[in-house]
RNA sequence: GCCCCCAUCGUCUAGUGGCCCAGGACAUCUGGUUCUCAGCCAGAAAACCGGGGUUCGAUUCCCCGUGGGGGUACCA
């Protein structure tokens, strides 16, 4: 029972970075291959030498690798197949499915302009098929007159059963005799694609909606070459928030930008998979292996989708919360080092502690930079106090300093340094001071982290460790003293319990 | 202009003739919980583009509009 192994491909043209639309197409192909035990081929369509570049090719490969979309064959370069493309074009000519066209681009352009002026649809008038005999064409070619090769489109309809749209058909009368080989001997896209897909024995072509109108032409070419076309599936496009085609002005569209922003590759994969595909249930958070297990062609939507970056950010936060510290460690470490907050060796020597820190911070982070930002107080010696935090919780420097000094003294004398002890002690101090625990907790948070938000204060204390915590407290006390001097008139004279001045 | 594709809350979507006066998620807004934030819990507001058919019955099927998108190259 030789059920043919599925072979799919992703064929980006290196004229730009890997963008979300391309990445999603690549993902669907990859998912299908992985799901069905097939082969995923990567082919760079660099036939357009003018606009293609090595740099972009590299960027696309990097993006694929980062997303984890590994290819089984390739990367192949379409430009390497030019000889074969040409041979296929010649086969078409010999078989009578193509003919030589001696019309010059300038002539064609003027005909097109005339048609446009008359509000008419322009289609090639078959001048060289109808008014140039095969013999004459032969002669002119031999004489060296340049010619392009055009596919002779037969009458009838070209249709196919699209795996996402169902049956789609085009009347061949709508399709002009398109050029397959330029007068300089280079192949045109549609021919090159068909030739390559045939050569690579591609069984399923999953690509963007924008290729629908190329499909009938390609089917014509398959047939003209005596081959059966593959299965086609046209996935909907991804649009910007305004419903227009996604472009730079919509913000980040290149995959690399999301990497820089500290997104998790598997979160982006999850998000992209859900854009245009649905598992048919209410579940939304999937790891890559689950995606492979669940993916199916039937779940692909017909409607184009708008890229909602807010949901992407939320999803990333979900994956961050669920990911193990083990898995996050290399990603976080890299950024911590890049930010100059810690050095790699130091982090390596206390991995268990680092893991604890990551587990502590990942819950309230939505991207890796959130973790890095929050991690600073635990790793660096000095911290900055955020303006807002200071204004809110260090409003009355003298009073705060007095309270924190009391706390510091008690903490310094502690035998144990665990959450229970630390909390009990703080509450005791608050009691003795005749104030609410919060009046101690918030200023303490500012003292330790410089921020108004952090994990539970006692967890912070424990993770930070006694020495560093006490040093921070000392630094805070000094800072508070400076503040008192700078603002001597600030209301330290406030009666305890009185509402703070606005 | 012509051809093609598409059409459920602001957004992503479930729904395949009755279970739907339409379910989930993001975002928004309430309230609760904790030392802050995140979270979590409870709740609110929010959609079947319009018109014709078909049918006992249409979000679901058909047609026509409308709207959006794509294509219309010796680009890919």
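Bear in mind these aren't lab numbers, they're just calculated from the coordinates by the rules spelled out. Values in this document were obtained by computation on a predicted structure and should not be read as measured data. All Cβ positions, even for glycine, are placed from backbone atoms using ideal geometry, and neighbour counts span all protein chains on display.
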Rounded FRET efficiency, nearest 0.05, which uses the C-beta distance separating residue A:414 from residue A:4 and R0 of 60 Å
0.25
Sorted by average packing, counted as other Cβ atoms within 10 angstrom per residue and highest first, what order do A:444-456, A:156-168 take?
A:444-456, A:156-168
Between segment A:84-148 and segment A:209-288, what is the C-alpha centre distance in whole Å?
35
Hey, can you rank A:108-120, A:185-197, A:326-338 by average C-beta count inside 10 Å, highest first?
A:185-197, A:326-338, A:108-120
Where the centre of each part is set by its Cα atoms, how far does segment A:4-26 sit from segment A:339-415, in angstrom?
44
Run the numbers on segment A:387-486 and let me know its relative contact order in percent, using alpha-carbon pairs under 8 Å that are six or more apart.
40
Length gain on complete extension for the stretch residue A:244 to residue A:130, per 0.36 nm per residue less the alpha carbon to alpha carbon distance?
36.8 nm
Run the Debye formula on the Cα coordinates of chain A, all scatterers equal and no solvent, and tell me log10 I(q)/I(0) at q = 0.08, 0.12 1/Å.
-0.68, -1.09
Burial-style ranking of A:366-375, A:246-255, average other-beta-carbon count within 10 Å with highest first, yields A:366-375, A:246-255
What's the extension gain from residue A:140 to residue A:83 if we count 0.36 nm per residue and subtract their Cα-Cα distance?
18.2 nm
Where both partners of a DSSP beta bridge lie in chain A, what percent of those bridges are antiparallel, to the nearest 5?
50
Determine the relative contact order of chain A: mean sequence separation of Cα pairs under 8 Å and six or more apart, normalised by residue count, in whole percent.
12
Approximate spin-label separation residue A:338-residue A:467, in nm, with each point projected 7 Å along Cα-to-Cβ
3.1
Let's test the formula: R0 of 30 Å, r as the Cβ-Cβ distance of residue A:167 and residue A:287. What FRET efficiency results, to the nearest 0.05?
0.25
In whole percents, the bins of 5 Å from zero upward hold the Cα-Cα pairs of segment A:387-486 as 2, 14, 28, 28, 19, 7, 2, 0
Nearest-0.05 FRET efficiency for residue A:381 and residue A:106, computed from C-beta distance (R0 56 Å):
0.15
Kirkwood hydrodynamic radius, computed over distinct alpha-carbon pairs, for segment A:22-112: how many Å, to one decimal?
16.3
Stretchable slack from residue A:70 to residue A:324, in nm (0.36 nm times residue separation minus alpha-carbon distance)
89.1 nm
